[in-house]
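The values are calculated or read from the model by the stated rules, or taken from the named source; none is laboratory data. Being a predicted model, the structure only gives us computed values, none of them experimental. Because the Cβ atoms are built from the backbone with ideal geometry, glycine has one as well, and the counts that use them run over all protein chains shown. For the accessible areas, the whole protein counts, side chains as well, though only heavy atoms, and no ligand, DNA or RNA atoms are used. Shrake-Rupley method; radii C 1.70, N 1.55, O 1.52, S 1.80 Å.
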Amino acid sequence: MIRTFTMQTSRRDEMIDITDRVREALREIGAHGDGAAIVYCPHTTAGIAVQENADPDVKRDALMRLDELFPWRHPKDRHAEGNTAAHMKAMLTGTSQTVLVQEGRLILGTWQGIYFCEFDGPRTRKCHVKWLADRS
Amino acid sequence: MIRTFTMQTSRRDEMIDITDRVREALREIGAHGDGAAIVYCPHTTAGIAVQENADPDVKRDALMRLDELFPWRHPKDRHAEGNTAAHMKAMLTGTSQTVLVQEGRLILGTWQGIYFCEFDGPRTRKCHVKWLADRS
Amino acid sequence: MIRTFTMQTSRRDEMIDITDRVREALREIGAHGDGAAIVYCPHTTAGIAVQENADPDVKRDALMRLDELFPWRHPKDRHAEGNTAAHMKAMLTGTSQTVLVQEGRLILGTWQGIYFCEFDGPRTRKCHVKWLADRS
């Protein structure tokens, strides 16, 4: 009931549309009915978001603004790896998103896509999709 | 198992208490037992939060402080619609909230209410309520 | 199907590793199979996060950076209790986290732990753990 897919990210900060991969995972699980899907990121410097899938500039602006809020170098940081900013972005974006499923189809808003948010790439990353069926 | 309600928001930034509408949706669904409810926003410039339901100044301060963090106009924004700030606020607040239900009743903390957070109003908005019953 | 545990926090801002307490709650519930656990905070000035469990400096840096984004005193705040900053941190961190369970075991990433995030301590706090079993 958990399906895991992997991806290779290519930049330090990147929002990757994984909507189709979530759909594919649900098909592989055999999620034909009603329920919910949990899209879960098992990393601490990446997160999952549901956001706009139309204008790519929304993602570009979002990553730019997050970078302003959480500058990569901060004089008071102590974490030896130097990627505190990535942890902050992941923490506020969220480790997972819960999306609705009806008759096996994702119920997303017109402009919504599901995004894997890389904040410390490039890396090879995993994403879990968990299916919770309605009790009949 | 999904119930959708609509609302008309009246300002650009606004936190609307939807706790009673979530309760009503659960009644209409016939959620008498134990489980969880997912309150889901199908928009990309609005979100759902669980926050303080006592002093309205908490909401006022929250919207004011979010506006400081994410100014509406930003010299580096490229998104043509000009509402990147609303997308940011929605992304960090969250697209959905999961709340607990016992014997058909929402299990909220003493000071908690469920809020629809409008960040690019006024608009007509939708909210989905999904009921996940415990397997008996 | 809901298990509640309490804790005493000791500072104003603090991230407390509750991973073992969540595991204990799942054992007490008798969660042997597959499903998901919702870790829910019934307070409005504290939240739940899934974050790095290795270097404690990540937590220290995170609390320091959140404090910079949301200074405790703000000249425009109106909330009489004076803890708007704590509400903001709670709102953006999130009221709950959903974690995956397989054969009764939490499926966390290598570096992930579950944290109760105190933003207005010290206080006595509660945390709910809700078990949602897969429908067999």
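Annotations
- If you plug the beta carbon distance of C:R73 and B:A54 into 1/(1 + (r/R0)^6) with R0 = 25 Å, you get a FRET efficiency near 0.75.
- Per residue, in Å², the accessible surface of the stretch C:77-136 once ligands and nucleic acids are set aside, probe 1.4 Å: 34
- The calculated P(r) of chain A, using every Cα pair and 10 Å bins from 0, goes 12, 41, 31, 13, 3, 0 in percent.
- Buried between B and C is an accessible area of approximately 3000 Å², summed over both sides with a 1.4 Å probe.
- Relative intensity, log₁₀ I(q)/I(0), of the stretch C:77-136 from a Debye sum that treats every alpha carbon as a point, q = 0.17, 0.22, 0.26 Å⁻¹: -0.77, -1.04, -1.23
- Prolate/oblate/rounded label for the protein assembly as shown (Cα gyration tensor, a/c 1.5): rounded
- Partner shielding of A:109-117 amounts to 3, given as the average count of beta-carbon atoms from other chains within 10 Å of each residue beta-carbon.
- Net charge dipole, the protein assembly as shown: roughly 220 debye, given to the nearest 20, about the Cα centre with Cβ charges of +1 for Lys and Arg and -1 for Asp and Glu.
- Neighbouring Cβ atoms from other chains, within 10 Å of the Cβ of residues in B:53-62, number 6 on average.
- Under the combined filter of DSSP loop state and at most 11 neighbouring Cβ atoms within 10 Å, the stretch A:41-136 retains these trypsin sites (Lys or Arg not before Pro): A:R73, A:K76.
- Degrees between helix C:84-93 axis and first principal axis of chain C (Cα, 0 to 90, nearest 10): 30
- In a reduced charge model with +1 at each Lys and Arg Cβ and -1 at each Asp and Glu Cβ, the stretch A:2-133 shows a dipole moment near 420 debye about its Cα centre.
- Cleavage-rule hits (trypsin sites (Lys or Arg not before Pro)) in the stretch B:1-57: DSSP loop, at most 13 neighbouring Cβ within 10 angstrom: B:R11
- Other protein chain Cβ atoms within 10 Å, averaged over every residue that makes up C:81-90: 4
- Degrees, to the nearest 10: C:56-69 long Cα axis against longest axis of chain C: 40
- Whole-percent carbon and sulfur share, accessible surface of the protein assembly as shown, 1.4 Å: 45
- Counted by Cβ distance under 11 Å from B:R27, the other residues give a net charge of +1, where Lys and Arg count +1 and Asp and Glu count -1.
- Net +/- balance of residues flanking A:Q8 in space, Cβ distance below 9 Å, scoring K and R +1, D and E -1: +2
- Positive-end extreme of charge dipole, the protein assembly as shown - chosen from C:A36, A:Q51, B:C127 (charges on Cβ): C:A36
- Charge context of A:C41, other residues only, Cβ under 9 angstrom, K/R +1, D/E -1: +2
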